[in-house]
1. Any idea which residue in segment 123-155 is farthest from LYS208 (Cα to Cα), counting only those that are touching a helix residue (DSSP H, G or I) at 6+ places or on another chain (Cβ under 6 Å) and in a loop (DSSP other than H, G, I, E, B)?
2. If you scan segment 89-106, which residues turn out to be in contact (Cβ under 8 Å) with a residue 24 or more places away in the chain and surrounded by fewer than 18 Cβ atoms within 10 Å (Cβ to Cβ)?
3. Quick one: count up the residues across segment 209-224 that are modelled with pLDDT under 90, open to solvent by 20 Å² or more (accessible area, probe 1.4 Å) and farther than 29 Å from PRO115 by Cα.
4. Go through segment 409-425 and give me each residue that's over 13 Å from ILE489 (Cβ atoms) and in contact with a Phe, Trp or Tyr (Cβ under 9 Å, 6 or more places away or on another chain).
5. Six or more apart or on different chains, Cβ atoms under 7 Å: show the pairs whose first residue is in segment 167-186 and within 12 Å of ILE210 (Cβ to Cβ) and whose second is in a loop (DSSP other than H, G, I, E, B) and of a type in the set (A, V, I, L, M).
6. Out of everything in segment 580-612 that is outside any helix (DSSP H, G or I) and in contact with a helix residue (DSSP H, G or I) (Cβ under 8 Å, 6 or more places away or on another chain), what residue ends up being most open to solvent (accessible area, probe 1.4 Å)?
7. Looking only at segment 107-121, how many residues end up being among the aliphatic types (A, V, I, L, M) and loosely packed, with under 15 Cβ neighbours inside 10 Å?
8. Applying the selection to segment 427-454, what residues are touching a helix residue (DSSP H, G or I) at 6+ places or on another chain (Cβ under 9 Å) and farther than 17 Å from ASN467 by Cα?
Amino acid sequence: MRGVVFLFFIFIVSIYYGQQSYSELLENGVGEVSVGYYNFSNEENEENDNGFEHQIMELFFNYVENKKGVKINRIYTATNSFKGLYGNVKLNNFDFGYCYFSITEERKKEVNFSPAYMSNIEVMISNENLPIVLDTNDFIAKFSEATGLYIPETTYEEDLFKLKEKANVFKTEKIESSTQLIAKINKTPNYFGFVELQQFFDLKNKFKHIKRQNVFLRKREGYGFIYGKPSDWKPIVDLFYVEKYDEIRSIIKNRFDGEMLRFIDNIKGSQGTDVNLLLLTKERELEELKSRNNKLLYDTEKIEKEKSKKAKQIMSYYLLIVIIMTVLILVIVFVAYRIKVRKGKEIVLKNKELAIQKHLVEKKHREIKSSIEYAKRIQKAMLQKEDLLKPDFSPHFIYFQPKDVVSGDFYWSKNFEHHYYVSVTDCTGHGVPGGFMSVLGIALLNEIIRSEKRICPNSILDIWRKNIINELHQSKDTSSSRDGMNTVILKIDKDSLEMNYAGAYHSIIIIREGKLIELKTDKEPIGFTYIMTPFSNHQFQLKKNDLIYLYTDGFVDQFGGEKGKKFKSRRFKELLLTIHTLPLLKQKEVLKRTFNQWKGREEQVDDVTIIGMRIE
């Protein structure tokens, strides 16, 4: 009897909704279209349906009405489950449905999908008490007491149980929605699960005790709307996505965080569906850099101790040989011969030991070199690529030539709608110490500019100096660190071309109509000094075709030439006046060639960074 009632209910629902075919709509000029949706993560609003998927759905209906001259009456209905929505569209009880539907080959057999409106990326999140893992073996070792949450009949369930096939060390537990899943992971130690990347971005600020793991990321074909089979809506749906691509993209950009969209774009072209990536935030990259380099310092200290110990052993051996040889002079020839034979055997043994020691030292050297190369890759990831700076400000070039594998110099910029910032900074030292300082400097700059997007350059320097002193625990104590930075920061208004600037020991060179103008800044560093005064803010009115040059002292301090002297500031300014009429990329080539010719066989004394900009 219950089965008969259920079939009757399905029949009544089918009659109530019906399926509006596209051809009938065109023929009648008016039609009624039913759309189902489910509040999978409370992203859609049940009262007025103002979510971004609803906006795309409305854009589609308006597109059809305007293009074909028809009238579409929409009926939006909220369902009480993801499974129920999918089943109703599959049975043609709804003409369309939306709810972050992942496009999969198995679902394509049951329903029609629109083209993907956004990449589908699922990430693993965990409670903060669970450590960040590096690979499957690391996961097995650290998640043996963990519990994985999943939502039945979703791709989250598929991802979790595929992981369980590789690492069957954790328990599993069902839950109703992704919002409940994230909330439980946030409040319960040892819990983890898979969620959509955009859900993680939406809720990471609300839930303070979750973090994203950097492995087992899943990438699928994308998200799309669904509609039943058979259906004659497919041609107009596909054409809509082609002709309205930019407007769809604009809706998505208005809905989601820009950092998330850039992250999706960066990995959209990667191969396969399982992707392992570094953590997204710069603060976690800094933590990993510190960890790697702490290991590097530990290994270096260990090698030095081993070398010292072996040196003492060798000295002891040589002393023993001297004593033995002295005794041999006083004994008879037969005893001397036997001792000589024994000495020969000892030398062979020592040669073998030395060969082993040499191999160990070479191995440690390779490990240290590999760690430094890894530090270089992390530092390079934090430095903006030159082609990424092009939309930010005027035409420019960047000449960046570190002294060692990692650099104590760095350049930085940040673009906003009406203005942009640009900076060149020289940290204390070069190589690994300078690399530490540059990573710290970039992280602190990004933190300052995130909190205040229109801040003046001198205020940036005041806050930056205070944070450097706090981070390095600098004080009047003579044993505390005296590390710091020399820098200059520009803030340029795109409309009025007014330039505000402030600096620490760095100056700015402007060439206008063949004349060189040098703008000086404050003579105190970003770091602790016994007398510290607030940095000064300066203004300068730029004109079109002005050339601006920002630089560190690595170029002018380089020894070389016929007499092995410094290049010096005067010669550098004369060089800029000589080349300023050349195209920017040609200027960069001339600077690089001049520097290397001047250096010759001399060792490079410091990192070199020069940025040249032409105002348009």
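1. So the residue we want is GLU153.
2. Within segment 89-106, LYS90, LEU91, ILE103, THR104 qualify.
3. Selection size over segment 209-224: 0.
4. ASP409, ASN415
5. Close Cβ pairs (under 7 Å, with a partner that is in a loop (DSSP other than H, G, I, E, B) and of a type in the set (A, V, I, L, M)) amount to LEU181/ILE151; LEU181/ILE175; LYS184/ILE175.
6. If we take residues in segment 580-612 being outside any helix (DSSP H, G or I) and in contact with a helix residue (DSSP H, G or I) (Cβ under 8 Å, 6 or more places away or on another chain), then LEU582 is most open to solvent (accessible area, probe 1.4 Å).
7. 0
8. Once the filter is applied, which keeps residues that are touching a helix residue (DSSP H, G or I) at 6+ places or on another chain (Cβ under 9 Å) and farther than 17 Å from ASN467 by Cα, segment 427-454 yields GLY429, GLY431, VAL432, GLY435.
The values are calculated or read from the model by the stated rules, or taken from the named source; none is laboratory data. Owing to the predicted nature of the structure, the values given are computational and were not obtained by experimental measurement. Methodologically, a virtual Cβ is constructed for each residue, glycine included, from the backbone with ideal geometry; neighbour enumeration extends over all protein chains shown. Note: areas computed on protein heavy atoms with side chains; ligands, DNA, RNA excluded. Shrake-Rupley method; radii C 1.70, N 1.55, O 1.52, S 1.80 Å.
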